[in-house]
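Data first, discussion second: the structure below is written as structure tokens.
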Amino acid sequence: MYAVEMVNIVKRFPGVLANDHVTLRVKKGSIHAIVGENGAGKSTLMNQLYGLYHPDEGEIFIDGKKVVIKGPRDAIKEGIGMVHQHFMLVDTLTVAENVVLGSEPKKGLNFDLKRARKEVMELSEKYGLTVDVDAKVEDISVGMQQRVEIIKTLYRGANIIILDEPTAVLTPQEVEELFAIMRKLKSDGKTILFISHKLHEVMEISDRVTVMRLGKVTGELETSQTNPKEIARYMVGRDVVLTVTKEFHEPKDTVFEVKNLVVKDNRGLVAVNDVSFEVKRGEIVGIAGVAGNGQTELVEAITGLRKIESGHMYFEGKDVTGFTPRQLREQGMAHIPEDRLKHGLIKEFEAYYNVILGGHYKTLFTNGPFLNHNKIFEYTKQLMEEFDVRPRRIEHLGGNFSGGNQQKLVVGREINTNPKFLVVAQPTRGLDVGAIEFIHKQILKMRERDVGILLISMELEEIFSLSDRILVMYEGEIMGEVRPEETTVEEVGMMMTGHRLEEARRG
Amino acid sequence: MNKKVMAILVPVISVLIALAISTIVIILIGKNPIDAYSALIRGSFGSKQAIADTVIKTTPLILTGLAVGFGFRAGVFNIGAEGQMVMGALIAATFASNFGSLPPLIAIPLTMLIAMLVGAGYAAIAGFLKAKTGAHEVVTTIMLNSIAGNFASYMVNGPLKVSSGTPKSPEIADSAQLPVLMKVGAIEMSAGIIIAIIAAIIMYILLNKSTAGYEIKAVGFNPYAAEYGGISVSKNVVLAMAISGALAGLAGATELMGVHHRFLGELSGGKGFDGISIALIGQNNPIGIIFAAFLIGSLRTGSNEMQFIGVPKHMVMIIQGIVIFLVAADRIVRTILIRKRVAK
């Protein structure tokens with residue numbers, strides 16, 4: 001018996017075939033993973049199930065009955081619930097109020113808060129979804145917000161729950177809690193659609209896997225009979241190396257150092273609090289932490305994009321506190337930013353204008369006050385060749401490349417500046433395994449060339465496999481420094497939730 | 001479809017649609033559209049005089065169109081071209097009435113330079129306020145427009161006032177007047193059009209060939225990425241406003257030096273605001289702006305002739321309005337174009 005059947009779904013967007021005759025069958029009471037790189041069409045498919053888009057062709061069956069889902073309202077009526085990557089909660093309302101929002105229990109004409117609280121508490125207890133019903137959403141952790149979203153779907157009577165990349169924002173411990181909840185929901189007969197690109201999670205939690213690539217289903221696998229390597233092959237269309245092997249490399253002298261750095265966030269609150277560390281030539285220093293614990297502000301301060309409140313930065317021993325981004329680049333700093341669409345690329349610029357950003361005023365690309373387009377074109381061709389950017393059209397607009405190729409452009413541009421110190425933030429966010437492999441190789445190559453590297457990532461796996469030393473950040477402070485070979489994921493996970501190294505060691 | 005082809009197709013198709021709609025309107029009011037359009041064309045191109053008139057009307061529109069268009073390319077919405085034009089012309093008029101002893105070779109460029117510098121400085125106020133305090137340039141330039149209008153009105157009614165009748169400033173020196181290219185009856189077509197076209201070419205080179213233009217465009221498209229790439233956002237916002245203002249000031253200069261030869265109230269006459277529509281129709285492209293200004297200029301010149309045969313001259317306002325509407329809401333036209341292509 002299938003809870004969900006989507007048959008021959010075709011969805012076109014101008015210029016793109018997002019879903020090309022996709023067929024998905026999900027057994028009732030199972031956890032079904034949908035994996036694929038960004039742009040493979042997973043979210044498009046799920047949005048059609050939830051009624052946010054309408055298929056151009058194809059049919060949808062829920063519990064064997066053909067349905068036409070015109071909007072989320074219809075989807076909810078069919079017992080479908082969706083937890084989006086970005087939560088749809090009202091920050092200033094309480095948990096209970098958020099859950100019932102849109103279908104509030106009434107007493108006469110008035111909102112019946114008592115009943116809302118009671119119903120939310122019942123659901124929370126039944127599935128082990130621990131939440132504080134009276135807390136305001138703005139005051140609770142991301143993990144709890146996600147649980148509120150799940151309760152919301154259950155409150156509306158969902159039997160089929162779509163979770164869109166639910167683990168992206170969670171700590172390892174929170175991921176385990178989420179998986180426990182998912183198992184409980186499953187044992188209660190709920191069907192779960194789990195979108196992810198983290199293969200080990202898929203292996204751990206799912207019963208079946210549908211792999212998508214370029215809008216098509218490339219594989220339908222029983223989880224117990226497959227392995228990450230096989231899934232990756234279906235995702236990318238070729239064999240991929242999933243684990244990076246790094247050779248021993250002796251770090252040299254210090255290239256970059258920060259001392260007692262204090263930085264404020266956009267709201268004027270201290271986001272980086274008294275942080276000190278150094279990065280040596282030929283060394284990768286990883287900064288682990290849950291998103292929003294000051295990593296973004298730290299990177300922005302180091303790269304000159306954010307004002308430093310107090311503390312100092314040294315580049316090869318020279319005080320560079322308060323330098324502008326251009327001055328820092330001229331010292332030999334390069335920066336692969338965490339948000340390639342915000343900082344890394346100009347979507348409206350052609351590839352050739354994007355790859356000169358930051359060095360556009362140098363004689364390499366200019367001719368007096370004018371740009372030397374011949375040189376720029378030549379340079380771009382070489383860079384795209386070297387970093388395998390596709391399509392290999394120098395006049396292709398930045399915004400029209402796929403995520404992986406955008407990242408390759410950015411990585412290529414920054415590496416080509418021959419930096420002495422490279423700041424790398426979330427280098428593989430949203431990329432498919434093939435691109436991840438490529439980016440990791442490039443970072444390790446830089447390490448061999450004695451470049452000092454600061455790696456900031458939410459992906460613990462990435463931090464563990466690349467870093468020589470790991471610093472863990474929590475609420476703007478460094479909780480401790482560990483070496484990947486001397487620590488465990490649990491220990492780092494403890495530090496990510498606010499325990500100092502000593503406490504984490506004591507357990 | 002190629003974005004450059006689109007940039008040309010959208011305004012052209014918009015004009016065609018606008019003409020089609022106004023044809024219907026003309027039929028509805030019981031007139032013959034062929035007669036109306038031939039009158040329109042006769043009015044704007046039918047005689048030497050008509051052509052001269054069209055060129056005269058087009059000249060300031062090119063420059064204010066460039067002013068606003070340049071701002072758009074840098075991500076600033078300069079609604080203040082009107083005020084910058086007024087201030088540029090007013091101050092330049094004050095100086096140029098005393099330039100009698102200078103030869104034209106000095107007096108002409110000097111007068112233009114004064115108008116441009118004043119326009120640039122006046123616009124830079126808004127740029128500076130945006131860069132330093134985040135005050136939105138739409139609000140500040142509107143307020144600066146008010147200041148400029150009232151200041152000019154005070155000047156021509158007070159300190160600068162000459163004779164009675166319409167408030168106006170003294171005539172500028174002969175040596176500061178632009179040479180006349182064509183004289184038909186009372187109509188003198190000055191070299192202003194050449195200045196406007198040169199300005200468009202310079203803007204094209206600046207935006208597409210120079211490092212400074214690269215930085216200005218980067219800030220306009222994505223200030224975060226620009227800053228990341230070591231480009232100062234505040235410096236470029238002020239610079240972009242100043243260049244935009246200089247072009248508006250130049251528009252004031254050509255009106256002053258080529259048409260009125262003195263400052264008077266109707267010198268700007270909303271041409272600064274017309275610049276917004278023209279920049280839109282011309283898709284912020286310097287060459288496109290020349291064509292857009294020419295379109296609006298010739299519609300306006302030809303409308304009188306249309307009035308003679310009984311079709312209200314406001315018909316051109318309808319055409320103009322529909323064109324602007326369609327270009328601004330370019331997705332309508334794009335959708336039509338894409339549908340057509342898919343259907344093929």
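The values are calculated or read from the model by the stated rules, or taken from the named source; none is laboratory data. Treat the numbers as computed from the prediction; the structure is a model and nothing was measured. Here the Cβ is made from the backbone with ideal geometry for all residues, glycine too, and neighbour counts use every protein chain on show. Keep in mind that these areas ignore ligands, DNA and RNA; they rest on the heavy atoms of the full protein, side chains included. Shrake-Rupley method; radii C 1.70, N 1.55, O 1.52, S 1.80 Å.
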Discussion item. 5 Å is the cut-off here: which amide hydrogens, built 1.01 Å from N in the peptide plane, fall below it relative to A:Ile161, excluding neighbours closer than 5 in sequence?
Written reply: A:Gly81, A:Thr191, A:Ile192, A:Leu193
Worksheet item: When ligands, DNA and RNA are left out and all protein chains stay put, how many square angstrom of accessible area per residue does the protein assembly as shown have with a 1.4 Å probe?
Response: 43 Å²
Worksheet item: With all protein chains present, how much of the accessible area of the protein assembly as shown (probe radius 1.4 Å) comes from carbon and sulfur, to the nearest whole percent?
Response: 57 percent
Discussion item. If amide hydrogens are placed 1.01 Å from N in the peptide plane, which non-local residues have theirs closer than 5 Å to the one on A:Met479?
Written reply: A:Val472, A:Met473, A:Tyr474
Discussion item. Given points 7 Å out from each Cα along the Cα-Cβ axis, report the A:Thr488 to B:Ile332 separation in nanometres with one decimal.
Written reply: 6.7 nm
Discussion item. Counting only other chains, and only Cβ atoms inside 10 Å, what mean value do you get across the residues of B:205-215?
Written reply: 5
Item to complete: For A:Arg505, tell me the accessible area in Å² from a 1.4 Å probe, rounded to the nearest 10.
Response: 130 Å²
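Report the accessible surface area buried between chains B and A, summing both sides, using a 1.4 Å probe on protein heavy atoms only, in Å² rounded to the nearest 100.
Chains B and A together bury roughly 2100 Å² of accessible area.
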Worksheet item: How high is the relative contact order of chain A, in percent, counting Cα pairs under 8 Å that sit 6 or more residues apart?
Response: 15 percent
Item to complete: Give me the distance between the Cα centres of region A:298-337 and region B:281-298, rounded to whole Å.
Response: 45 Å
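Using the Cα centre of region A:331-394 as the reference point, and only Cβ charges (+1 on K/R, -1 on D/E), how large is the resulting charge dipole? Debye, rounded to the nearest 20.
On the way: 9 positive and 8 negative charges, 23 e Å.
Dipole magnitude for region A:331-394 comes out near 120 debye.
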Item to complete: Give, ordered by residue number, each residue of region A:343-380 whose 1.4 Å probe accessible area is reduced by a minimum of 50 Å² on adding the remaining protein chains to the chain alone.
Response: A:His343, A:Ile346, A:Glu348, A:Phe349, A:Leu357, A:His360, A:Phe370, A:Leu371
Fill in: Accessible area in the full protein assembly, largest first, 1.4 Å probe, for A:Ile76, A:Ile231
A:Ile76, A:Ile231
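Excluding same-chain pairs closer than 8 in sequence, count the lysine pairs in region B:57-302 whose Cα atoms lie under 18 Å apart. It would help to have the intermediate numbers written out before the result.
On the way: B:Lys57/B:Lys183; B:Lys57/B:Lys271; B:Lys130/B:Lys217; B:Lys130/B:Lys235; B:Lys132/B:Lys235; B:Lys209/B:Lys217; B:Lys217/B:Lys235.
The number of close lysine pairs in region B:57-302 is 7.
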Item to complete: Apply the membrane-span-like helix rule to chain B: whole DSSP H runs, Cα extent along the own long axis of at least 24 Å, mean Kyte-Doolittle hydropathy at least 1.6. List the helices found.
Response: B:3-28, B:192-209
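Roughly speaking, what is the stretch gain from A:Lys259 to A:Phe13, that is 0.36 nm per residue apart minus the C-alpha to C-alpha distance, in nm to one decimal?
On the way: separation 246, 0.36 × 246 = 88.56 nm, distance 5.04 nm.
Gain on stretching A:Lys259 to A:Phe13: 83.5 nm.
In whole percent, what relative contact order does region A:2-236 give with Cα contacts below 8 Å and a gap of six or more residues?
Details: 470 pairs, mean separation 65.5, N = 235.
Averaging sequence separation for qualifying contacts and normalising by length gives 28 percent for region A:2-236.
Relative contact order of region B:57-302: what whole-number percent is it, with Cα pairs under 8 angstrom and at least 6 residues apart?
Numbers: 504 pairs, mean separation 104.3, N = 246.
Relative contact order for region B:57-302 comes out at 42 percent.
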Response to the item:
Per-residue accessible area, 1.4 Å probe, largest first, puts A:Leu113, B:Leu63 in the order A:Leu113, B:Leu63
